[in-house]
Amino acid sequence: MDVTFSQRLGKLPPYLFADLRRKIAAKRAEGMKVITLGIGDPDVPTPAPIVAELQRAVDDANDPDRHRYGCDVPVTEFPAAVRSFYQRRFGVALAGEQVVTTMGSKDAIAKFPLAVMDPGDVGIAPLPGYPTYNIGHVFAGGSTYYVPLRPENDYLLDVDEIPADLADRAKLLWINYPNNPTTALADLDFFARAVEFGRTHNVLICHDAAYTENTFDGYQAPSILQVDGADDVAVEFFSLSKGFNMTGWRLGCLVGNASAVRALSTIKDNVDNGSLRALQFAAAAALNSAETLTAEANEPYKRRRDMVCEMLNAAGWNITPPQATIYLWVPVPAQYAQRDGEDGYSSSGQFAEDLLETHGVVITPGRGYGETGEGFFRISLTYPDDVLKAAVEKICEMNK
Ligand SMILES: *Cc1c(COP(=O)(O)O)cnc(C)c1O
C-alpha cells in the first residue's frame with residue numbers, strides 16, 4: 001500500500017542528530033575510528049540511591065498498584081517532593097494544583113502546545129535553540145517566530161526584537177537558561193522582563209529549566225517562578241534528566257500557572273497515561289536528596305569542563321569556563337570564521353565535516369541549532385575523560 005502521510009510529518013525538520021548518526025555510520029563502515037562529542041546524554045550512571053529506590057518500589061508487594069497506570073493511581077510522593085524541592089532550592093511555594101508529573105521535559109514541551117495553540121497560531125522560540133519548541137508548535141498546527149540569541153547580548157533573548165503585533169498574536173514564548181547550546185545564564189532581572197512581556201502581551205512564558213541543577217563554582221541558577229507574580233503568566237518545565245543523570249528514565253514535571261498545568265494534565269490523560277509508579281517513587285527520592293546528589297553528579301562535568309577549557313585555551317582559544325550545563329560553546333577556528341558570509345558557506349558545518357573527515361571526531365555544528373548558531377560548535381562533556389581528551393587534542397590540531 002502506498003501510505004500517504006500527513007503534511008505535519010512533512011513539516012518536521014530532519015532530526016538534528018539523525019544526520020550526524022548517518023555520517024558517523026558511514027565513516028565507521030569505511031573503517032575509521034570515530035569519537036563523538038555530539039550528544040548531550042550523561043555517561044555517568046544514575047546515583048545509586050535513586051536506582052535502589054526504583055528497585056525497592058518495583059519489587060514492593062505491599063503496593064498493589066505498582067503495575068498500574070501512573071496517572072490513574074499517581075504517586076503523591078513525587079509532586080510532594082517537587083513542592084519541597086522548589087521551596088528549598090528556589091524559595092518558591094507551589095500549590096498542589098501547580099504541579100504535574102511529566103515523562104521528562106521533551107514529552108511535555110512537545111505536548112503542551114496542543115493545549116494552548118490552535119491551527120494557525122504562533123509561538124515564539126529562541127534561535128539557536130532546542131528544536132522541540134518548534135516541533136510542538138507544528139504538531140499543534142501552528143508555526144514558530146524565531147528570535148535570535150546574540151553573543152553580543154550574552155545570548156539573552158531580547159523581547160524588544162519581537163514586533164508588537166506579533167507579540168499580541170503569539171500564544172507562547174520559550175526561553176531556556178542555563179541555555180543549550182550556548183551555556184548562557186539568565187538572572188532574575190531577565191526573567192522579570194520576560195514575565196512583564198508575557199503580562200503586557202498576554203503570552204504564556206514557558207521556561208525550559210533542563211539545566212538549572214547542572215551548575216559549577218557555587219553558581220545557583222534561578223527559577224522563573226522566583227519573580228513576583230510569575231506563576232500568573234509563566235510555566236516551568238523541570239526535568240530530572242540532566243541534573244541527576246536520568247535521561248533514560250523519562251521523569252520531570254511542569255510547574256507554575258495552575259490552569260496551564262491542568263491543561264497539560266488533560267492532554268496527558270488522553271495520550272500517555274503517565275509513568276510507572278516505581279519511577280515516580282525513585283524520582284521523589286532523587287528530589288528529596290537533590291542537594292547531595294546533584295553536587296556529586298556535577299563533579300565529573302566540572303572536571304571535564306576545566307580540562308577541555310585548558311586544552312582549548314592552550315591551543316589559542318579564549319574560552320571562559322561556563323558556570324552551567326554539560327556543554328562548551330566554542331567559536332570555530334578563525335580560518336573557517338573568515339569565510340562566513342560567502343555564498344552558501346557554513347563555517348560550523350565545514351569545520352564539523354573537516355574534523356570528522358581528518359580526525360574522526362564529531363561535534364555539533366552551531367548551524368544545526370539555526371542560522372544564528374553559525375560560527376560556533378558545541379562540545380558535550382558527557383563522555384569519559386580519556387575519550388574527551390583524545391578528541392579535544394584533535395580539535396586543537398584544527399586550530400593550527
Ligand atoms: C535535554 C533537554 C531537554 C529534554 O530533556 P528530557 O530528557 O526530555 O527531560 C529539554 N530542553 C533542553 C534544552 C535540553 O537540552
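The values are calculated or read from the model by the stated rules, or taken from the named source; none is laboratory data. All figures in this text were calculated on a predicted structure; none of them were measured in a lab. Cβ atoms come from the backbone with ideal geometry, glycine included; neighbour counts cover every protein chain shown.
Data for the structure
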| item | result |
| --- | --- |
| Complete set of residues in the stretch 271-292 that are more than 16 Å from the ligand (Cβ to nearest atom), within 16 Å of Arg83 (Cα to Cα) and not charged (D, E, K, R) | Phe281, Ala284, Ala285, Asn288, Ser289 |
| Test: residue in the stretch 311-332 that is under 17 Å from Thr372 (Cα atoms), touching a residue at least 24 places away in the same chain (Cβ under 8 Å), in a loop (DSSP other than H, G, I, E, B) and not assigned by TED's automatic domain parsing to the domain that holds Ala81 | yes |
| Hits in the stretch 135-163 - residues which are under 17 Å from Ile205 (Cβ atoms) and part of a helix (DSSP H, G or I) | Gly136, His137, Val159, Asp160, Glu161 |
| Residue check for Val159: more than 17 Å from the chain's Cα centre (by Cα) and crowded, with 22+ Cβ neighbours inside 10 Å | no |
| Residue check, Val44 modelled with pLDDT of 90 or more and either touching a strand residue (DSSP E or B) at 6+ places or on another chain (Cβ under 8 Å) or farther than 27 Å from Pro131 by Cβ (or both) | no |
| Criterion: β-branched (Val, Ile, Thr) and more than 16 Å from the ligand (Cβ to nearest atom) - qualifying residue of Val138, Val100 | Val138 |
| Leu54, sole failed condition from (1) within 16 Å of the ligand (Cβ to nearest atom); (2) hydrophobic (A, V, I, L, M, F, W, C); (3) buried (at least 19 other Cβ atoms within 10 Å of the Cβ) | (1) |
| Residues of the stretch 109-130 satisfying the condition of being crowded, with 20+ Cβ neighbours inside 10 Å and either over 16 Å from Leu264 (Cα atoms) or under 12 Å from the mean Cα position of the chain (by Cα) (or both) | Ile109, Gly123, Ile124, Ala125, Pro126, Pro128, Gly129, Tyr130 |
| Residue selected from the stretch 331-354 under the condition touching a strand residue (DSSP E or B) at 6+ places or on another chain (Cβ under 8 Å) and surrounded by fewer than 24 Cβ atoms within 10 Å (Cβ to Cβ), by the criterion nearest to Thr182 (Cα to Cα) | Pro331 |
| Residue list for the stretch 250-270, restricted to those being within 14 Å of the ligand (Cβ to nearest atom) and in a loop (DSSP other than H, G, I, E, B) | Arg250, Leu251 |
| Elements of type helices (runs of 4 or more DSSP H) in the stretch 1-76, at least 1 residues being among the aliphatic types (A, V, I, L, M) and touching a Phe, Trp or Tyr at 6+ places or on another chain (Cβ under 6 Å) | 48-58 |
| Members of the stretch 195-224 that are part of a helix (DSSP H, G or I) and within 16 Å of the ligand (Cβ to nearest atom) | Ile224 |
| In the stretch 107-134, the residues that are within 16 Å of the ligand (Cβ to nearest atom), touching a residue at least 40 places away in the same chain (Cβ under 8 Å) and part of a helix (DSSP H, G or I) | Asp107, Ala108, Ile109, Lys111, Phe112, Pro113, Tyr133, Asn134 |
| Some residue of the stretch 342-356 being in contact (Cβ under 8 Å) with a residue 40 or more places away in the chain, of a type in the set (A, V, I, L, M) and closer than 28 Å to Asp19 by Cα | yes |
| From the options Asp2, Asp41, residue that is more than 16 Å from the ligand (Cβ to nearest atom) and either without any contact (Cβ under 8 Å) to a residue 40 or more places away in the chain or of a type in the set (D, E, K, R) (or both) | Asp2 |
| When residues of the stretch 170-191 are limited to those that are in a helix (DSSP H, G or I) and in contact with a helix residue (DSSP H, G or I) (Cβ under 8 Å, 6 or more places away or on another chain), the one nearest to the ligand (Cβ to nearest atom) | Phe191 |
